[in-house]
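Coordinate-derived values only; no laboratory data. From a predicted model like this one, the values you see are computed outputs, not experimental measurements. Glycine gets a Cβ as well: all are built from the backbone with ideal geometry, and neighbour counts include every protein chain shown.
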Amino acid sequence: AVPAVIFTLPEIATVGMTLEEALEKGYEAVSGRFPFQALGKSIATMDTEGFAEVITDKRTGQILGAQVVGHEASTLIAEMALAIANELTLDCLTDTIHAHPTVAEAWLEAGLLANDTPIHFPPKKRR
């Protein structure tokens with residue numbers, strides 16, 4: 001997986017598929033998007049603009065893509081490029097300990113949202 005970065009303010013980075021692309025290709029894709037405004041490190045450094053989003057296949061858990069907008073997006077996208085290149089699953093991401101407080105925690109939080117097991121947000125309503 002080859003990441004793409006746009007060096008704007010804030011930075012924008014993407015790797016793999018978007019949610020729309022994954023759905024078009026027939027995946028039962030879901031996404032989790034965690035806003036930087038809810039991230040401890042971003043609050044401490046006052047860099048709260050942006051988000052991290054991870055896209056996964058609901059059937060297999062495989063990470064299909066990721067997008068990040070915000071401070072250090074160009075650096076943060078490497079974790080998801082590694083995950084996609086090695087066909088890692090959402091469980092691999094959420095089982096990985098992310099140091100606190102760091103901006104990289106946004107991937108953990110996004111993964112938990114995609115898995116509907118969030119720590120800092122209420123779970124989606126079940127029907």
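Just a few scattered comments:
- Restricting attention to the stretch 81-110, the residues that are more than 15 Å from ALA13 (Cβ to Cβ) and either touching a Cys at 6+ places or on another chain (Cβ under 9 Å) or part of a loop (DSSP other than H, G, I, E, B) (or both) total 10.
- Matching residues in the stretch 83-115 - criterion: being without any contact (Cβ under 8 Å) to a residue 12 or more places away in the chain and loosely packed, with under 15 Cβ neighbours inside 10 Å: ASN86, ASP95, ILE97, ALA99
- ALA44 vs. criteria touching a Leu at 6+ places or on another chain (Cβ under 7 Å), hydrophobic (A, V, I, L, M, F, W, C) and either surrounded by fewer than 20 Cβ atoms within 10 Å (Cβ to Cβ) or part of a helix (DSSP H, G or I) (or both): no
- Yes/no for GLU53 being free of Cβ contacts under 8 Å to residues at least 40 places away in the same chain and among the acidic types (Asp, Glu): no
- Unique match (being surrounded by 16 or more Cβ atoms within 10 Å (Cβ to Cβ), under 12 Å from the mean Cα position of the chain (by Cα) and either among the aromatic types (Phe, Trp, Tyr) or not in a helix (DSSP H, G or I) (or both)) among ILE77, ILE55: ILE55
- Selection within the stretch 5-41 - part of a helix (DSSP H, G or I) and touching a residue at least 24 places away in the same chain (Cβ under 8 Å): LEU19, GLU21, ALA22, PHE36, ALA38, GLY40, LYS41
- Scanning the stretch 83-127 for residues that are farther than 12 Å from GLN62 by Cβ and charged (D, E, K, R), we see that the one that is nearest to the chain's Cα centre (by Cα) is GLU109.
- VAL68 vs. criteria in contact (Cβ under 8 Å) with a residue 60 or more places away in the chain and β-branched (Val, Ile, Thr): no
- Answer residue from the stretch 58-72, given it is in contact with an Asp or Glu (Cβ under 8 Å, 6 or more places away or on another chain) and in a loop (DSSP other than H, G, I, E, B) and is surrounded by the most Cβ atoms within 10 Å (Cβ to Cβ) among those: HIS71
- For the stretch 1-41, the tally of residues that are surrounded by fewer than 13 Cβ atoms within 10 Å (Cβ to Cβ) and of a type outside the set (Gly, Ala, Ser) stands at 9.
- Filtered by the rule that a residue be in contact with a strand residue (DSSP E or B) (Cβ under 6 Å, 6 or more places away or on another chain) and farther than 22 Å from LEU9 by Cβ, the stretch 58-80 gives LYS58, GLY61, GLN62, ILE63, LEU64, GLY65.
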